[in-house]
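The values are calculated or read from the model by the stated rules, or taken from the named source; none is laboratory data. It should be emphasised that the depicted structure is a prediction, and the values quoted were computed from it without experimental measurement. Note: ideal-geometry Cβ built from the backbone for every residue, glycine included; neighbour counts use all protein chains shown.
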Amino acid sequence: MDKAILEAARAYMDALTVDSAVNVPEAVVAREDKFFTWDNEKRTPAREPYLFDWSYYNGVVMEGLFDVAEAQPDRGGRYLNYVTRYLDGLIVRDGAGRPCLSRNLAGYVDCHGADCYKTAALLLRAAEKLGREDYMAVCRDLYRDLTDETYVNSTGHTVPKEYTEASLGHNYWHTWRNDKPPKYKVWLDGLYMLQPFIARFAARTGDERQLQLVQERFDWAAEALRAPSGLYYHAGSGRGDVCPYHWTRSMGWYGMAMADVMEVLPEELIPARIKTLNAFVEGVLRYQKDSGLWTNLTDMPETATNRSETSGTAMMVYTVLKGARLGWLDPSLREPAARAFEVLVREKLRDGHLTDIYLKAAANGSDNYNLPDYYLPDEGKGAGPFIMAYAEMMRL
């Protein structure tokens, strides 16, 4: 790997985060009219009460910085400091003096759906690393929301009883706002939003039931959402009832979910996940383009509207490099992943911006995967995984 590639990636990351005069965590989090520059959705409490500064597209940027801090402890202090300043800005004290998420800044986390829990995985990692009891107290609340079948949430509902189904492998509906499931109940990205946090907390507390449920959820996805080609559908409610697109970023979320969950699973649960991870990686590598990247719709030719896409490619890099590093994937697979990262830096870092990150695609059966206006620079859902991939490159 050319050293200049890694230096360019670090320069981009630093300019976006720790060296930015605009993306100052405490300043952004303190004001409801301020947003991180990578937050292209700019959701506010007035518009969307379930996500504001506590959101997965902010959380993945911060988790990438946390990964960098762990990959290079001697240089990681400033990244860890940046992350904790962000998290500190979201935590307040209730009337009894207990730490909790600010409802103005974090929205009504327990009554919307999977996306609202992603940043909990970062919070738990930070709580463990720093010994922060206030962080851990919030994690206990979030874990209770998702797993306690006796707990009634802020809207009078019990999430694990009402919004998971045995027929879905006990997966959660992707959203449960307004008590209605989406057209397709389980989304691949929903596994990433929920399962790394649940698995890490369950492993920490010895919650064997939840660890088995995590296993069941991934098994269901591998059975119901995997196509004969080896690719996965974005979402579905069972085999044959699927959203008919192979969206690279959706599969990227799923790959990262497996890698992060496997890091904390008990040893006896690992072999089944290794089998699934290897089959997944084998499937997606077949569709890596000659350029080294993946297109937005994985199995479709590259065009002006189906571009080689940054976020999904970065997620594949992270998944493969982490899987190889921890011994679950063959070391030879590092080569195509590292090549993809090098091409991302050479072709997608342009004039200080990370380009061709797709904003979002709905799992509602419509074809909204080819909108040219949705290819954006510095979008958090791509910048975060790019930083995570960079952290894995640092570990090589």
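When Gly77, Gly59 are checked against the criterion of being under 20 Å from Ala389 (Cα atoms), modelled with pLDDT of 95 or more, of a type outside the set (Asp, Glu) and surrounded by fewer than 15 Cβ atoms within 10 Å (Cβ to Cβ), Gly77 stands alone in meeting it.
None of Thr276, Thr248 is under 21 Å from Ala362 (Cβ atoms) and of a type outside the set (A, V, I, L, M, F, W, C) except Thr248. Looking across Leu146, Leu123, Leu188, one residue alone is over 17 Å from the mean Cα position of the chain (by Cα) and either buried (at least 18 other Cβ atoms within 10 Å of the Cβ) or among the aliphatic types (A, V, I, L, M) (or both). It is Leu146. Considering Asp141, Asp145, Asp88, Asp94, the condition of being touching a residue at least 60 places away in the same chain (Cβ under 8 Å) and not polar (S, T, N, Q) is satisfied by Asp88 alone. Just one of the listed residues (Ala114, Ala121, Ala137) is over 28 Å from Gly238 (Cα atoms) and modelled with pLDDT of 95 or more, namely Ala137.
Among residues belonging to the range 303-320 that are touching a residue at least 60 places away in the same chain (Cβ under 8 Å) and of a type in the set (Gly, Ala, Ser), point out the one that is surrounded by the fewest Cβ atoms within 10 Å (Cβ to Cβ). Of everything passing the filter in the range 303-320, Ala304 is surrounded by the fewest Cβ atoms within 10 Å (Cβ to Cβ).
Residue count for the range 32-69 satisfying the condition of being under 16 Å from Leu124 (Cβ atoms) and assigned to a loop (DSSP other than H, G, I, E, B): 1.
Taking the listed residues Asp367, Asp351, Asp290, Asp299, the one that is out of contact with any helix residue (DSSP H, G or I) (no Cβ under 7 Å at 6 or more places or on another chain), on the phi > 0 side of the Ramachandran plot and surrounded by fewer than 23 Cβ atoms within 10 Å (Cβ to Cβ) is Asp351, with no other qualifying.
Just one of the listed residues (Lys3, Lys42) is under 30 Å from Lys180 (Cα atoms), out of contact with any Cys (no Cβ under 8 Å at 6 or more places or on another chain) and surrounded by fewer than 14 Cβ atoms within 10 Å (Cβ to Cβ), namely Lys42. Cβ-Cβ contacts under 7 Å between residues 6 or more apart (or on different chains), taken from a first residue in the range 109-125 that is touching a residue at least 24 places away in the same chain (Cβ under 8 Å) and within 18 Å of Asn153 (Cβ to Cβ) to a second residue that is among the acidic types (Asp, Glu) and surrounded by fewer than 24 Cβ atoms within 10 Å (Cβ to Cβ), are listed as Asp110/Asp145. Note on the range 240-263: residues that are closer than 26 Å to Ile198 by Cα and surrounded by fewer than 16 Cβ atoms within 10 Å (Cβ to Cβ) amount to 1.
For the range 370-388, the count of residues that are closer than 18 Å to Arg249 by Cα, modelled with pLDDT under 95 and polar (S, T, N, Q) is nonzero. Within the set Leu65, Leu51, the sole residue that is modelled with pLDDT of 95 or more and aliphatic (A, V, I, L, M) turns out to be Leu65. Within the option set Arg204, Arg200, being surrounded by fewer than 24 Cβ atoms within 10 Å (Cβ to Cβ) and under 17 Å from the mean Cα position of the chain (by Cα) holds for one residue only, Arg200.
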